[in-house]
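Enquirer: Got a structure for you, questions after.
The values are calculated or read from the model by the stated rules, or taken from the named source; none is laboratory data. Please read all numbers here as calculations on a predicted model, not as lab measurements. With ideal geometry, Cβ positions are generated from the backbone for all residues, glycine too; neighbour counts draw on all protein chains shown. Ligands, DNA and RNA are excluded from the accessible area calculation, which covers all protein heavy atoms including side chains. Shrake-Rupley method; radii C 1.70, N 1.55, O 1.52, S 1.80 Å.
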Amino acid sequence: MPAKLVKEIHDDLRKTGQHPEDVPTLGIRSNLVELEQFHADTVAIKALNQQYKNGEFDYDELLVRLYPFEQGAYGKILGHHLAADMLYSDLLDKYSDTGDQNTAKEHQSWDVRDPEVIRYRLLMGENLLPEPTWQNAVDDYVEQYHSSPKQRAEQQKTKHTRAVISQCEKISAAFPHGMRTALVDINAEDVRDFIRQDDTKPSTKAKNLTMIRAVWNSWSIYNQKQAVEGDPFRAELVQHKKAIGDTEAHRRSFTTSEFAKFNDSLSEEIDDEVRLVGMLAAYCGAPTGEIAKLERRDVKLTSDTPYLVFRAISGKDRIARSVPLLEPITTELATYINKHCNRPTDPVFASKLVRSPSDLSKRLKLHITNERPDDPLQLVPYSLRHTFKDRAETAMDSRYVQYILGHKTKDSSAVHQRYGTNAPPSALVVGMADIQGLREWGMFEEFD
């Protein structure tokens with residue numbers, strides 16, 4: 001059965017008012033007024049047809065007198081059956097080899113791909129639209145994502161598509177028929193059993209469930225005639241979001257000594273990409289994930305004041321911002337880019353190592369020296385962001401600190417509206433220079 005053709009005929013019946021669901025139905029829930037009107041219309045229509053047969057008026061007059069009744073329940077039901085019977089008669093003639101209609105009917109020789117056969121079967125109330133499966137939902141989501149008018153880099157599309165397909169295939173192992181499981185057969189218990197056996201932390205599970213749930217919701221949004229009720233993923237997503245606060249890793253800033261040792265160690269890193277990502281994270285507090293997404297067009301080296309543009313990322317509550325570049329990082333970045341990047345949309349960092357968050361974090365951890373082993377707060381690569389915040393708040397107006405960090409606040413939004421991603425103002429240059437010159441910041445609890 002050609003699903004696309006079925007949907008097209010299905011839609012055409014809707015538009016022309018011939019779909020069985022548009023025809024009135026009478027049953028136990030019908031009220032007495034409807035039943036009485038149906039009976040009255042039946043009697044009136046039969047009387048008109050008898051008068052026509054008796055020659056009291058011509059056929060044109062019959063059509064005029066029948067028209068008001070055609071809008072009622074009896075008229076619509078009768079009209080639907082007449083249309084179906086007419087099409088049925090045409091099909092019997094079409095598929096009868098001998099002219100014997102009974103033979104054609106008994107042999108069931110109709111071509112199921114014939115548009116007229118499909119139309120007749122739909123008119124008679126058959127549901128020929130196949131039950132949508134989990135594979136259908138995943139394929140449709142990917143198609144909608146790639147055809148979306150929202151501007152996304154090709155690299156971002158590829159990465160997100162791979163992540164979505166991977167997670168959807170993993171969770172399908174818990175469904176009765178894997179990727180071929182009908183959406184109506186996916187239930188919350190299957191989702192729960194699968195998700196809770198995974199030993200990843202709640203924040204990771206919540207992230208994965210959010211992706212998977214987007215596939216589920218997208219199907220009903222873009223395929224409303226085959227929309228599926230319920231949401232088997234919502235309960236687990238809510239539970240894991242609540243658990244994030246209890247299991248979330250609490251991080252601290254680098255001490256001045258630890259920060260100096262990190263920079264010294266990083267300068268010896270043999271991988272240019274890892275070294276530059278680490279330098280930028282320490283320089284302006286940008287998350288390594290944002291740095292890894294930089295494209296050549298985001299690095300403005302020929303401006304009077306060289307600067308970086310961090311663009312707003314879908315799903316992240318951060319604003320776009322521009323960050324001035326100072327030496328020595330400007331020269332390091334220029335040397336690297338001139339060697340590796342050509343087109344505006346080329347990724348600045350293209351290696352698999354940098355584009356894998358976990359692998360990049362492990363590599364940067366090698367350059368961290370934890371001089372406070374008794375501190376319950378963790379010292380990790382993301383601590384560079386906390387460190388920049390502490391340093392910046394010592395040397396710069398808090399409005400600009402929030403802006404450079406990308407935090408979406410009233411003050412940072414005002415800075416963004418004023419400066420946007422144009423050439424950074426001198427106020428930011430001076431402030432960034434003061435931050436880089438700091439040798440003391442924050443207060444660290446002593447442990448005996």
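Enquirer: Go over the candidates Tyr52, Tyr88, Tyr67 one by one and state the one that is loosely packed, with under 13 Cβ neighbours inside 10 Å and modelled with pLDDT of 85 or more.
Expert: Of the residues listed, the single one that is loosely packed, with under 13 Cβ neighbours inside 10 Å and modelled with pLDDT of 85 or more is Tyr67.
Enquirer: Let me ask you something else. Return the residues of region 367-389 that are open to solvent by 50 Å² or more (accessible area, probe 1.4 Å), out of contact with any strand residue (DSSP E or B) (no Cβ under 7 Å at 6 or more places or on another chain) and touching a residue at least 60 places away in the same chain (Cβ under 8 Å); say none if nothing qualifies.
Expert: Answer for region 367-389, where residues must be open to solvent by 50 Å² or more (accessible area, probe 1.4 Å), out of contact with any strand residue (DSSP E or B) (no Cβ under 7 Å at 6 or more places or on another chain) and touching a residue at least 60 places away in the same chain (Cβ under 8 Å): Thr369, Asn370, Glu371, Asp374, Pro376, Lys389.
Enquirer: While we're looking at this one, here's another question. Just one of (1) open to solvent by 60 Å² or more (accessible area, probe 1.4 Å); (2) without any contact (Cβ under 8 Å) to a residue 60 or more places away in the chain; (3) of a type outside the set (Val, Ile, Thr) trips up Met211, so point out which.
Expert: Evaluating Met211 over (1) open to solvent by 60 Å² or more (accessible area, probe 1.4 Å); (2) without any contact (Cβ under 8 Å) to a residue 60 or more places away in the chain; (3) of a type outside the set (Val, Ile, Thr) leaves (1) as the failure.
Enquirer: Return the pair list, or none, for Cβ contacts closer than 8 Å from residues in region 293-308 that are farther than 27 Å from Pro357 by Cα to residues that are assigned to a strand (DSSP E or B) and modelled with pLDDT under 90, at least 6 apart or on different chains.
Expert: Close Cβ pairs (under 8 Å, with a partner that is assigned to a strand (DSSP E or B) and modelled with pLDDT under 90) do not exist here.
Enquirer: Sort through Ser257, Ser265 and tell me the only one that's in contact with an Asp or Glu (Cβ under 7 Å, 6 or more places away or on another chain) and either of a type in the set (Ser, Thr, Tyr) or assigned to a loop (DSSP other than H, G, I, E, B) (or both).
Expert: The match here is Ser257.
Enquirer: Hey, Gln167 hits all of (1) among the polar types (S, T, N, Q); (2) crowded, with 16+ Cβ neighbours inside 10 Å; (3) more than 21 Å from the chain's Cα centre (by Cα) but one; which does it fall short on?
Expert: Every listed condition holds for Gln167 apart from (3).
Enquirer: Do you know which residues across region 124-170 are in contact with a Leu (Cβ under 9 Å, 6 or more places away or on another chain) and not in a loop (DSSP other than H, G, I, E, B)?
Expert: Thr133, Trp134, Asn136, Ala137, Gln167
Enquirer: Return yes or no: is Glu327 closer than 19 Å to Gln436 by Cβ, open to solvent by 70 Å² or more (accessible area, probe 1.4 Å) and either touching an Asp or Glu at 6+ places or on another chain (Cβ under 7 Å) or among the charged types (D, E, K, R) (or both)?
Expert: yes
Enquirer: Ser172 - would you say it is touching a helix residue (DSSP H, G or I) at 6+ places or on another chain (Cβ under 8 Å), modelled with pLDDT under 90 and surrounded by 13 or more Cβ atoms within 10 Å (Cβ to Cβ)?
Expert: So Ser172 does not fit the description; no.
Enquirer: Given (1) under 33 Å from the mean Cα position of the chain (by Cα); (2) among the β-branched types (Val, Ile, Thr); (3) modelled with pLDDT of 85 or more, identify the lone condition not met by Thr409.
Expert: Condition not satisfied by Thr409: (3).
Enquirer: Can you name the residue in region 216-233 that is part of a helix (DSSP H, G or I) and open to solvent by less than 50 Å² (accessible area, probe 1.4 Å) and is also nearest to Ile186 (Cα to Cα) among such residues?
Expert: Among residues in region 216-233 that are part of a helix (DSSP H, G or I) and open to solvent by less than 50 Å² (accessible area, probe 1.4 Å), the one nearest to Ile186 (Cα to Cα) is Trp216.
Enquirer: Of all residues in region 234-247, which are without any contact (Cβ under 8 Å) to a residue 12 or more places away in the chain and open to solvent by less than 60 Å² (accessible area, probe 1.4 Å)?
Expert: If the condition is that a residue be without any contact (Cβ under 8 Å) to a residue 12 or more places away in the chain and open to solvent by less than 60 Å² (accessible area, probe 1.4 Å), then Val238, Gly245 are the ones that fit.
Enquirer: Name the single residue, out of those in region 355-366 being buried (at least 16 other Cβ atoms within 10 Å of the Cβ) and at pLDDT 90 or above, that is nearest to Cys284 (Cα to Cα).
Expert: Leu364
Enquirer: Taking the criterion of being open to solvent by less than 10 Å² (accessible area, probe 1.4 Å), closer than 24 Å to Trp441 by Cβ and over 25 Å from the mean Cα position of the chain (by Cα), would at least one residue in region 294-309 satisfy it?
Expert: Scanning region 294-309, I find at least one residue that is open to solvent by less than 10 Å² (accessible area, probe 1.4 Å), closer than 24 Å to Trp441 by Cβ and over 25 Å from the mean Cα position of the chain (by Cα), so the answer is yes.
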